[in-house]
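These notes concern the structure reproduced below.
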Amino acid sequence: QEQLVESGGGLVQAGGSLRLSCAASGSIFSINAMGWYRQAPGKQRELVAAITSGGRTNYAESVKGRFTISRDSAKNTVLLQMNSLKPEDTAVYYCNADIRYSGSYRFSNYWGQGTQVTVSS
């Protein structure tokens, strides 16, 4: 089945850490960019971090120096290590990836179901 499955969200105190994981499933031919977005109540979904197939990364200014994105191409997974968490990081975090599945000649964009991250003050 073609999907992205996230895990690792939860409740943490300010200053704490969490690690999010996202695994792509199905008969995958290739994955291009992978990334994490978040959406807080009443706000638009925003990019948190992204990583290309070559390992180039991009971060939102608000998380630079605190979050680290990485990927394991052999396992078709992307990780987001979140340190020094702040209450304003509270949101639903979504995994996103451009995937080409076997039998297809193009990349399509996929979203995970979302995982809640709550940071208490």
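Computed values, structure above
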| item | result |
| --- | --- |
| Gain in span if fully extended, residue 45 to residue 120, counting 0.36 nm per residue against the direct Cα distance | 24.9 nm |
| Share of carbon and sulfur in the accessible heavy-atom surface of the chain [1.4 Å probe, %] | 46 |
| Assigned charges on the beta-carbon of Lys, Arg, Asp, Glu; the chain dipole about Cα centre (debye) | 160 |
| Candidate lysines - alpha carbon under 25 Å from residue 64, same-chain residues fewer than 8 apart omitted | 43, 86 |
| Overall dimensions of the chain as given by Cα atoms, namely Rg and Dmax in Å | 14.2, 49 |
| Cα pair distances of segment 75-121 binned at 5 Å [whole percent] | 5, 16, 20, 20, 14, 10, 7, 5, 2, 1 |
| For the chain: accessible area per residue (Å², 1.4 Å) | 54 |
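The values are calculated or read from the model by the stated rules, or taken from the named source; none is laboratory data. Values in this document were obtained by computation on a predicted structure and should not be read as measured data. So basically every Cβ, Gly included, is an ideal-geometry build from the backbone, and we count neighbours across all protein chains shown. These area figures cover heavy atoms from the full protein model, side chains too; ligands, DNA and RNA do not enter into them. Shrake-Rupley method; radii C 1.70, N 1.55, O 1.52, S 1.80 Å.
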